[in-house]
Structure formats: C-alpha cells, structure tokens
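First comes the structure, then the notes that go with it.
Every number here is computed from the coordinates shown, using simple stated rules; none is lab data. Here the structure is a predicted model, which means the values were calculated and not measured. Using ideal geometry, Cβ is built from the backbone for each residue, glycine included, and neighbour counts are taken over all protein chains shown.
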Amino acid sequence: MLLQKGNIGKGIAQPVQRRGVPSALRHAPLANKVATPAVAPQGLLRPILSERGSPALLKRQRALDVVLRAAETEQEAENAGTVVPGDGWESFPPPPYEPSEQVLDLWQQADAVCFDVDRTVTTDASVGLLAKFMGIEDEAQSLTEQANRGEINLTKAFEDRLAKLNFTPTDIDRFLEEHPAHTRLVPGVENLIAALKARGVEVFLISGGFREMALPIASHLKIPAKNVFCNTMSWQLDDHGEPVRLQGLDMTRAAESHFKSRAIERIRRKYPYNNIIMVGDGFSDLEAMQGSPDGADAFICFGGVMQRPAVASQADWFVRSYDELMAKLKRYKVTMVGSGAWACTAVRMVAQSTAEAAQLPGSVFEKEVTMWVHEEKHSGRNLIEYINENHENPIYLPGIDLGENVKATSDLIEAVRGADALIFCAPHQFMHGICKQLAAARVVGRGVKAISLTKGMRVRAEGPQLISQMVSRILGIDCSVLMGANIAGDIAKEELSEAVIAYANRESGSLWQQLFQRPYFAINLLADVPGAEMCGTLKNIVAVGAGIGDGLGVGPNSKASILRQGLSEMRKFCKFISPSVRDDTFFESCGVADLIASSYGGRNRRVAEAWAQKRIAGDDQVTFEKLEKEMLNGQKLQGVLTSDEVQEILHARGWELEFPLFTTINRIIHGEVPPTMILRYRVACSMPSMPPARRVVNDYY
C-alpha cells in the first residue's frame, strides 16, 4: 500500500470551503509517497472498510498507514511513556516546528481548543498508571501489544484491560488521593489553558480514557464537566443502589479510534464555532482532523512527553513545550478613541491593567495603549507632545499620571490601524463622523472588539440609534458598552467606584472586564446593551433637571421627587424604545447609581445649577453654550443635546405628555417656561409657551 501525505500549506489541495475557514486548511495536500506494512490493527481498519469511497476515506487511509508505519517503532516507547528522540525519525519528513501563516491565524483566532489527556495534559497514561497502581502492569502491557499486532481490536484490548483491573469505587478514590490532578500535569499546560480561557476560547478534553479519572483533571483546570468527552465506567450496584464493582464500559461517547473527530462533530452541532484546534500526541488526535470533514481545523502535535515521528510529520505544527504555544497566542492591541477627562481616566485604568498583564506569561494584551488626541495647544506647546513626555493631560485631567505605556497621537487612522480592542470615549455628537472616517479608511479589521463609554444617541427619521448600534452598523464589529456612576475625577483619584459592562457577546464582556477592572473600580457584567446604554444617556437629562432645582435652592424632598420621576421616565422610555430591556438593569450602577452620582456631582448638574441661578438673578442672556465654555475647560455638555434629541423623538411619536419631566426640562432649556416650573413639571409639560425674552420669577414657587 502506498500513502500520499503532507502538511497544510504544501502541495495542492482540493478546495472545500466551510464556515469561513480557508479551503487549504480543510483538506491536507498530497505529497511524499511512503510505503507501509500490510497488517492493520482491526480497530482502525473496520471504519475505513465500512466507508470505502466516502470523502473521508483518504484521510482515514492516511491515518491508518501512519499507524502501521510507526506501530512497531514506537511500541516500546508507548508502553514506557518515555520520549523517543531519534527512533523512526529518519523514515519520515521533518515535522513543522513553526506554523504556517494560515495555521498561526487559526491558532490565534481559535474559538475552541480540544486537548487529548494522556501524555498531552498529563505526563502519564491514566490506564497504565491505574494498572500499575492495581499491580497488573505486565498483563495490561501484553494486551496493548496484542492490539498493536492486530491480534485483537483496540476496543477489545481496552475492555480486557478493564476486566483485569477489576477495581471498586474505593480503589478509584485511593488512586486519585495518591495521584492528585496537579501532580500529573505537563508543565505549562495549566497556564496555557488559563490564557486561552482568558481570551474567551472554549477548552475541551477529548480522551479515550475514563471520564471518572479525567474529571478531577478538568476540575483543577476549571474546565466544565460538559466539555469532557471520555469513556464512562458502568458500575454494578448493590441492593441499596450504591456502586460496588466495575461492570463494563459505556462506549456511546467514545468508540474505537475515530471517536475524537465525531466528538468534534458533536461540538460543532451544539456551538457555532468557526475554528477548532486539536492538540494531542497520538494517532487518534491526528484523526480528529483527518477523520471527518467536520473534524478539527488544524492539528498541533505535542511532543513534550511522547514523540511519535509518524504523527509529528503529519501535524500542522509540532511543539515540544507549551511555552511555544503560549508565545504565539494573540495579544490584543488596545486603542482609546478620545482624550477628555473620562477618556483619560479610563485609559489610565486600562494602562495599569496592560502593564500588569505584560509581566505574566500568556498576557492577553500588549503593554502599550494608544490614545487618539484631538490636536490642541497647552501653554504654547502641542498637547500630544506634552502627554507623551509627561504622561499627563494638563487640560482635561491635570495632575494625574496616565501611565508611561500610554502613547498619544493626533492621527485617528494610524491610532486605530492594527488595533484589536477599540475603546470609544468621544462626545456623542462626533461619533458618527469618527465611525464614517474609520470605515472609509478600512482600518478596522475582522474580529476587532469595541466598547463604547460614550453616553448619547443619534436621532434619525427611522428612530433613535444608540452609539453601540452605530459602531456595530458602520464598522461591522461587536460593540459592548461600559456605563455607571463614573465621575472621572473621583475615579482618577482611585476612590471606590463601579460600572457595568453590557455585552451582546459574553466572551467580549469578559475580555473588557479584564481590561477595566481595578481594585478601586468594580465591574459587573450585564447582558443588556440597550438598557445600560439608554440609562447612561437619559440620566444626563435628569441631571440637568436636578441642577436646575439646585439653582433654585430647593430642599432634599423636591430634589428626591425630581430624581424619582426621572428614574421612572428613564425606565418608561427604555421600554418604549426597546421592550426587551431588563428591569434589574435600573438597579445596576448604570441605572439608579449613575443617576444619583450625576445629579449630585456631574458637570451637567453643575452647569445647570449655574444657569438657573443666573436666570433667577435676571440674566436673560446666559446660555448653556456660554457656560459650557466658561466652566468645562473644553469638555462638552451632553445633557442639553441629549434633551433635544429625546424631545425630538417624543414629539415625533406624540409622547410629550407621557414624559412630563423630560418635556418640562427641555422647555426650560429653551426658555419656553421659567426654571421654577421644574417644581410643577406635570403642569409645565402642557402649558402654552412663554416668549423667550419674558422672565417670570416665583410665579409657581
């Protein structure tokens, strides 16, 4: 029998496109004929003969021939569990010690990674170690040799070894006590799996061993039991229903040598994964890719415990240490779009997190954080140069060190180019233009994750558009939001604060949580993007109303009434616009907490208070725009603009009287009713408009 074989990226493949994966990665090319023995282990031969002529035949034939070629060479090493540095290598092409560009992309973009257990996750083979523990090591080895000579099939060999073990639940407990999970792990595998999970990559264990022995390994590695595919022990029960002795093996989940590719098929049916990687040391791991069109997308051969030349030469990547895989993990480049007080406070937290992560193996993020800064001057100097030299924004966040790993630039396109994680924190009235500019430059790549810290919305004829929706639609990427009671100056001083990250994709939310969570800044995850974002937007209107009340000098009862009505209208508006918004969202930091913080300490409240005081004092010429320039040092007042945007929606849909406080606040802003009417908002929302030049003091006070 002759076998044509080769690795991904060599030769010519028959293209088959699936799930967006390059066709070259779905079917290995054909090259390098290798002669093989004529005797086949029955367990491998049966599935091939039964599917002769199927599309999977060639792949399985290759796997079979590899097994036959290497069985005799490696049998002794298989039994001993030792590394074979030279045996058999001369008969095979050299393995791929470096991944091709396509394989590296698959590794870095993997949705799931499946690990074999024996000699891949653990330094031993569970069955062999258990046989040694039970004192039948020689008999178990004899059965393995018979299977490899083709005298019995693999399943029968496994069941016969099981019968000779003849252990009880007590024996299993004693074995696990003497061989705890952490003592059996291959060096580096725990860190690698933790790094994968930190990136949102799902991890599975697929093994021909016992599930009962794999579960403690999975538990130690924080892999859920549902992600473990193994053989299951069947126990004889006593009269009380308690297991007393092993009766057999349930082979429904793992049958014969091709079960790993079928396990991956089941995983694909359950989860919408594009890229699945198989990591293992043996032939069944190789077959996980070759045994089915819906098997693994790439196979990484791990040779840190057992080196099998025939398997390694067929792999897409051969590694001898998990440090090699760790070094090739994707690291997210982070860019902040914005440079105001809140953007600088946020980038400071992010820079702290990336600097700390850079000291750990398998860091998720690159240390340097890029910040796009609008070109300005400070004391005659370019603001960007000042930030890069002094690590401080003297205009918007003076006296606060942003971090040495923050790099400022005025070039929006270059700031975003190559970024994997985009943080948007620019005034909401500029966000549409920013997104359009980025889309035209085509610098936002596939798979980029975004999060918006911007509070506001865009009003369109077809209805309101939240900033996260704008980012997702224009740039075609996933966009989470961070909202909460976040007064920038307090957080910059590291006072206790909190926020929510609302997500559409749980993995994205977890990634952003790693980036923003600090000892002084707690993050809760919330599966309600529209609810969180609208809360963060609408509370600015209520904060303006609270500021007007403060300018009038009202007491706590009146202010509490304004806040209560404001929260009620926030909830009603959210439900009108997006009925799926959750009620518990309003009790999170993005809801009532943000409302309270903004209504007592935010810039919208502060400017509205000054405006009301001046109007009551007789200054008819004072405007919010003028006070914004005088009081905010270049920052933008969001509450007034948001009030106009929301009022446009209320007017278009005939909802003004449904939202009396929102309507009254907007009428006060535009001089249609006096500031004192904030205390009579149920009447003011339907009053005739007052000429803007007329000033009424205490008419209804």
Per-residue Cβ neighbour rank within 10 angstrom, fewest leading, 369, 406: 406, 369
Long pairs among 407/575; 377/493; 333/436; 156/222, criterion Cα-Cα beyond 30 Å: 407/575; 156/222
Within-9-Å neighbourhood charge of residue 354 [Cβ basis; K, R +1; D, E -1]: -2
Contact order normalised by residue count of the stretch 498-634, Cα under 8 Å, 6+ apart, percent: 28
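Between rounded, prolate and oblate, where does the stretch 332-527 land on the alpha carbon gyration tensor, with a ≥ b ≥ c its root eigenvalues, rounded for a/c under 1.5, else prolate if a/b exceeds b/c?
Rounded.
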Ranking of 629, 328 by count of other Cβ atoms within 10 Å, fewest first: 629, 328
Whole-number D in µm² s⁻¹ for the stretch 535-684, Kirkwood Cα-pair radius fed into Stokes-Einstein, 37 °C, 0.692 mPa s: 216
Net +/- balance of residues flanking residue 686 in space, Cβ distance below 12 Å, scoring K and R +1, D and E -1: 0
Restricting the stretch 451-540 to chymotrypsin sites (Phe, Trp or Tyr not before Pro) in coil, as DSSP defines it, with at most 14 other Cβ within 10 Å: 520
Charge context of residue 365, other residues only, Cβ under 12 angstrom, K/R +1, D/E -1: +2
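Looking only at the stretch 409-488, where both bridge partners belong to it, what percent of the DSSP beta bridges are antiparallel (to the nearest 5)?
If we restrict to bridges inside the stretch 409-488, about 35 percent are antiparallel.
Between the DSSP loop rule and a limit of at most 10 other Cβ atoms within 10 Å, which GluC sites (Glu not before Pro) in the stretch 333-416 are left? Walk me through the numbers before you get to the answer.
Numbers: sites: 356, 366, 368, 375, 376, 385, 389, 392, 404, 414; in loops: 375, 376, 392, 404.
Passing sites in the stretch 333-416 are 375.
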Prolate/oblate/rounded call for the stretch 496-610, Cα gyration tensor, a/c under 1.5 rounded: oblate
Exposure proxy order (Cβ contacts within 10 Å, fewest to most) of 490, 173, 411, 528: 173, 411, 490, 528
